[in-house]
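**Student:** Have a look at this one before I ask anything.
The values are calculated or read from the model by the stated rules, or taken from the named source; none is laboratory data. Everything quoted here is computed from the prediction, not taken from an experiment. Glycine also receives a Cβ, built like all others from the backbone with ideal geometry; neighbour counts cover every protein chain displayed. These accessible areas exclude ligands, DNA and RNA; they are computed on the full protein's heavy atoms, side chains included. Shrake-Rupley method; radii C 1.70, N 1.55, O 1.52, S 1.80 Å.
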Amino acid sequence: MEVKKMDAKMKGKVNRIISESYSIARELEDIAQGIQSEFKGIGSAQCASSLRSAAQKYRNVSSELRRI
């Protein structure tokens, strides 16, 4: 099976997706931190935890895309 390299235009698009994915992860982490510090109770802890989990998934996607 022949493996072809990405052209510069496609690599640029992938890099923009990676950057945006990291930005989304940071934003989710910031929101989680705000919820945890501003609101009290079990619901806020669960919400913050869910947001952190989603942020980690975005970071994982970014890491996988960097391997392309």
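**Student:** Compute the acute angle (0 to 90°) between the alpha-carbon long axis of helix 42-66 and the principal axis of greatest extent of the alpha-carbon atoms of the chain; round to the nearest 10°.
**Tutor:** With both axes taken from Cα atoms, the answer is about 10 degrees.
**Student:** Residue separation times 0.36 nm, minus the C-alpha to C-alpha distance between residue 31 and residue 16: what's the value?
**Tutor:** 3.2 nm
**Student:** If the reach is capped at under 20 angstrom between alpha carbons, list the aspartates and glutamates near residue 5, excluding any in the same chain fewer than eight residues apart.
**Tutor:** 64
**Student:** Over the chain, give the accessible area per residue in Å² for a 1.4 Å probe, as an integer. Provide the component values of the computation, followed by the final result.
**Tutor:** On the way: 5370 Å² over 68 residues.
For the chain, the per-residue accessible area is 79 Å².
**Student:** Apply the Karplus parameterisation 6.51 cos²θ - 1.76 cosθ + 1.60, with θ equal to phi minus 60°, to every residue of the range 22-33 and state each ³J(HN,Hα) to the nearest whole Hz, in sequence, with x for glycine and proline.
**Tutor:** 5, 4, 4, 4, 5, 5, 4, 4, 4, 5, 4, 4
**Student:** For an R0 of 25 angstrom, estimate the FRET efficiency from the Cβ-Cβ distance between residue 67 and residue 40 and round to the nearest 0.05.
**Tutor:** The calculated FRET efficiency here is 0.05.
**Student:** Based on alpha-carbon atoms only, what is the radius of gyration of the chain relative to the globular estimate 2.2 N^0.38 Å? Intermediate results must be reported in sequence, preceding the final value.
**Tutor:** Numbers: Rg = 16.4 Å, N = 68, 2.2 N^0.38 = 10.9 Å.
Here the answer is 1.50, to two decimals.
**Student:** For every helix of n ≥ 4 consecutive DSSP H residues, a contribution of -39,500 (n - 2.57) applies; sum these over the chain, divide by its total residues, and give [θ] at 222 nm rounded to the nearest 500 deg cm²/dmol. Let's see the in-between values first.
**Tutor:** On the way: 2 runs with 56 residues, N = 68.
When only DSSP H runs of four or more count, the value is -29500 deg cm²/dmol.
**Student:** Can you list the lysines whose alpha carbon sits under 22 Å from that of residue 57, skipping same-chain ones fewer than 8 residues off?
**Tutor:** 11, 13
**Student:** Next question, about the same structure. Counting Lys and Arg as +1 and Asp and Glu as -1, each charge on the Cβ, what is the dipole of the chain about the Cα centre in debye, to the nearest 20?
**Tutor:** About 380 debye.
**Student:** Let's test the formula: R0 of 30 Å, r as the Cβ-Cβ distance of residue 54 and residue 9. What FRET efficiency results, to the nearest 0.05?
**Tutor:** 0.50
**Student:** Roughly to the nearest percent, how much of the accessible area of the chain is carbon and sulfur, given a 1.4 Å probe?
**Tutor:** 57
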